[in-house]
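What follows is a set of notes on a single structure, which appears directly below.
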Amino acid sequence: MRDLSAFTSELGDIPTFADPTRIRQRSRDFYWYSPRLKPIFDEVLADLVVVPRTEEEALATIRLCFKYDVPLTVRGTGTGNYGQAMPMKGGVVLDMSDITGIVWMKPGAVRVKAGTKIHDLEAAANAQGQEMRIFPSTRRAATVGGFIAGGSGGVGAANWGLLRDRGNILAARVLTMEENPRILELRGDDIQKVNHAYGTNGIITEVEIPLAPAYDWIDTVITFDDFGTAARFGQALVESPGILKKTCALLPSPIPQSYFKSLKPYIGEGKHSIFSLVAPHSFEGLLELVEDHGGEVVYRKSQSEVEAEKGIPLYEYTWNHTTMWALKHDKSITYLQTFFPAGQNVELVQKMNEHFGDEVMHHLEFVRSGGGFTCFGIQLVRYTTDERLDEIMAFYEANGCAQFNPHAFTLEEGGMKEVDLVQLDFKRESDPKGLLNPGKMLAWEDPSWTAAKDKTYLYAAG
């Protein structure tokens, strides 16, 4: 433990937590999804939690961290899955959850403070007939800044693509880690300097994102007798330009039957399911597509009906929530994250499903990606050993299916498999001492690090 008494004294009345219980709470995310990350992070703790109420208090904390060489790890509510918010070298956790509020909102866009919960932003946008284009399945808990810094896709990606796609983040206000920290406004392609960078090279205090017209989306479950037909339907749905959809997820047997208690009565044994949110005016077109593929709609509720019943919205069974539901029932389950290349994705998914059988359950999220349409796998794996997990991932890679390894905590290993020179150069400029979230950027920790192979895929699922 560091002696931070002088540091704390200079903070003045900026709120801090030093008691072990609160430090442990604020030093955690959902790293325990991975049996490989769990022993690495179980004992990782900050020395102090600082909870600034304003941007100026965040700036004051940065100045002191620079003065005393104290590592700083920024976090929202800690809903990430890969140790993004884990303070590997102790120091200060900067909890941004009190820097909240909407700066402005207009038709088509909103400017919001980073600690604002996505649920609260959505409520404010809905009151004006608008909604976020893309949000994580942790919508009710996650913060906007945490989503930008740690996420990459989510509910809405079936229509709008991923956060890295141009136009899905309009601007970010960023504080640098310097003796005299600067306040930077990043727009356009410059946003990629901090997008999905885990807070390693700047502290996001505000973001500007686009909004879309709000709909009372219809939660729909469609079942099929065989996996291949369900996969082909998912691809057809995501490729249907006239059907406005928010998400399209394939949850094959036995995932819903084993892990989704409230939906089990609707889904027959052995049935493979597509979970989708569609706009009311698109529901008729969806039914026609279902008929073309021989499927059956077994569940249909508008989101307003689900809210009135205090039920679970369908999106909370998709993306990384699927893994969470499975782990509640079976602690031996873990997961993968796979990019299936567009144009070959359905064939490759079927090949992998046949090869691995029940050992790997192919939960898929169909998305628009870089101008095309494909799917990400967030597969559930019946974990046995680390060696077997590596063998599984290697088989996908050998068949052209990139692995965004959720069992690694660095940007390079878990994501793009290569040094992101834009983010590395920005860190050199904005964090010369390397105090921001240390340990998460391999190219900074070890300048000689290079990827084992070329990287051609640009996105990580999350």
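The values are calculated or read from the model by the stated rules, or taken from the named source; none is laboratory data. All figures in this text were calculated on a predicted structure; none of them were measured in a lab. Neighbour counts run over all protein chains shown; Cβ positions are idealised from the backbone, glycine included. The accessibility values were calculated without ligands, DNA or RNA, using every heavy atom of the protein model including side chains. Shrake-Rupley method; radii C 1.70, N 1.55, O 1.52, S 1.80 Å.
Before moving on, here are some points about what is shown:
- Where Gly78 falls short, out of the listed (1) in contact (Cβ under 8 Å) with a residue 12 or more places away in the chain; (2) of a type outside the set (Val, Ile, Thr); (3) part of a loop (DSSP other than H, G, I, E, B); (4) open to solvent by 20 Å² or more (accessible area, probe 1.4 Å): (4)
- Residues located in the range 291-305, provided they are part of a helix (DSSP H, G or I) and either surrounded by fewer than 12 Cβ atoms within 10 Å (Cβ to Cβ) or among the basic types (Lys, Arg) (or both): Glu291, Asp292, Ser304
- Residue in the range 210-218 that is in contact with a Lys or Arg (Cβ under 9 Å, 6 or more places away or on another chain) and not hydrophobic (A, V, I, L, M, F, W, C) present: yes
- Where strands (runs of 3 or more DSSP E) fall wholly inside the range 202-287, the ranges with 2 or more residues that are in contact with a Ser or Thr (Cβ under 8 Å, 6 or more places away or on another chain) are 218-224, 245-251, 272-278.
- Residues of the range 34-65 that are more than 24 Å from Thr116 (Cβ to Cβ), open to solvent by 10 Å² or more (accessible area, probe 1.4 Å) and assigned to a helix (DSSP H, G or I): Lys38, Pro39, Ile40, Arg63, Leu64.
- Selection status of Trp319, within 25 Å of Phe147 (Cβ to Cβ), open to solvent by 10 Å² or more (accessible area, probe 1.4 Å), within 18 Å of the chain's Cα centre (by Cα) and not aliphatic (A, V, I, L, M): no
- Looking across Gly295, Gly268, one residue alone is over 12 Å from Thr220 (Cβ atoms) and touching a residue at least 12 places away in the same chain (Cβ under 8 Å). It is Gly268.
- Exclusive hit being free of Cβ contacts under 8 Å to residues at least 12 places away in the same chain, open to solvent by 10 Å² or more (accessible area, probe 1.4 Å), over 30 Å from Gly83 (Cβ atoms) and not polar (S, T, N, Q), set Ala214, Ala308, Ala236: Ala308
- Scope the range 387-434; condition over 23 Å from Thr176 (Cα atoms) and assigned to a loop (DSSP other than H, G, I, E, B); matching residues: Asn399, Gly400, Cys401, Phe404, Asn405, Pro406, His407, Ala408, Lys417, Glu418
- Qualifying residues in the range 191-211 (those that are over 17 Å from the mean Cα position of the chain (by Cα) and either of a type outside the set (A, V, I, L, M) or closer than 30 Å to Tyr299 by Cβ (or both)) - the one most open to solvent (accessible area, probe 1.4 Å): Lys193
- Wholly within the range 88-190, helices (runs of 4 or more DSSP H) carrying at least 3 residues that are touching a Gly at 6+ places or on another chain (Cβ under 8 Å) and open to solvent by 10 Å² or more (accessible area, probe 1.4 Å): 144-150
- Residue in the range 158-172 that is more than 26 Å from Ala279 (Cβ to Cβ) and free of Cβ contacts under 8 Å to residues at least 60 places away in the same chain present: yes
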